[in-house]
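A short write-up of the structure that comes next.
The values are calculated or read from the model by the stated rules, or taken from the named source; none is laboratory data. What you are looking at is a predicted structure, and each value in this text was computed from that prediction instead of being measured. Don't worry about glycine lacking a Cβ; one is built from the backbone with ideal geometry, like all the others, and counts go over all protein chains shown.
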Amino acid sequence: MTATISILGRGRAGRALAEAWGERAALLEHSAQPAGLVLLAVPDHAVAGCAARFPGRCVHLAGSLHLPGVPCAHPLTSFDGRARDWSGTPLAITGAVPDELRRAFGDLGFAAFDLPGELKPLYHAAAVLTSGHAATLWLGAEALLRAQGVALPGRGLLPLAEATLRNITERGPAGRTGPFPRGDAATIARDAAALSEPWREIFLKLGGALD
């Protein structure tokens, strides 16, 4: 089979999609000048320059960036460079993404929805809160314990994180647990006093963010 999609960029997103699409896609360096449909899996700062080389026949993956006239397909996932099961994963579509590419993403399980360009920064900020910031919180919590010589056995904090996600998935906001949803002021104050800045401020502000 001859490749019908050229992917520019050998980062985690480009490698994962190329592996998943197999012979349907060709994975190329940023400097390549392929014919046909081009998917830009490049850093945000490089999108505009790359797009200018493929007018009318490229799509980019940048979730926060909106370039009028350049369509975007943003998979709402965290890529690790390998093909995964993306069934039910949202795919934000902004602009006129070619039907061929829509079908290609659909064949991988992605669920497309239309996202107006002006809402992309808000959408991406929500994604960062869910993914990058959540990971920072988990890793930071582990580091706080480790700094005081507390080494959790087994899988550490991961079972708690997994149980939390399961509760939220099944029950929505009612799945929140802990002292903030309970309104346990004494426990909140005691826990906050055990933290140094900036973790104390993060702890208190995040805890009350939904109140």
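Residue count for region 68-86, restricted to those that are in contact with a His (Cβ under 7 Å, 6 or more places away or on another chain) and aliphatic (A, V, I, L, M): 1.
Return yes or no: is Thr177 part of a loop (DSSP other than H, G, I, E, B) and either hydroxyl-bearing (Ser, Thr, Tyr) or assigned by TED's automatic domain parsing to the domain that holds Ser78 (or both)? Criteria met by Thr177.
Please indicate, with yes or no, whether at least one residue in region 140-155 is closer than 30 Å to Trp21 by Cβ and surrounded by 13 or more Cβ atoms within 10 Å (Cβ to Cβ). No - not one qualifying residue is present in region 140-155. Contact map, region 85-101: residues that are surrounded by fewer than 12 Cβ atoms within 10 Å (Cβ to Cβ) paired with residues that are at pLDDT 95 or above and not in a loop (DSSP other than H, G, I, E, B), Cβ distance under 7 Å, separation 6+ or inter-chain. Pairs shown: Gly88/Ala111.
Residues Ala25, Ala41, Ala51, Ala16: which one is surrounded by 20 or more Cβ atoms within 10 Å (Cβ to Cβ), at pLDDT 95 or above, among the small types (Gly, Ala, Ser) and more than 25 Å from Tyr123 (Cβ to Cβ)? Going through Ala25, Ala41, Ala51, Ala16 in turn, just one is surrounded by 20 or more Cβ atoms within 10 Å (Cβ to Cβ), at pLDDT 95 or above, among the small types (Gly, Ala, Ser) and more than 25 Å from Tyr123 (Cβ to Cβ): Ala25. For region 6-101, the strands (runs of 3 or more DSSP E) that sit wholly inside it and include 3 or more residues that are within 20 Å of Asp114 (Cβ to Cβ) and out of contact with any Phe, Trp or Tyr (no Cβ under 9 Å at 6 or more places or on another chain) are 58-60. Among the residues that make up region 71-81, is at least one of them in contact with a Pro (Cβ under 6 Å, 6 or more places away or on another chain) and at positive phi? No.
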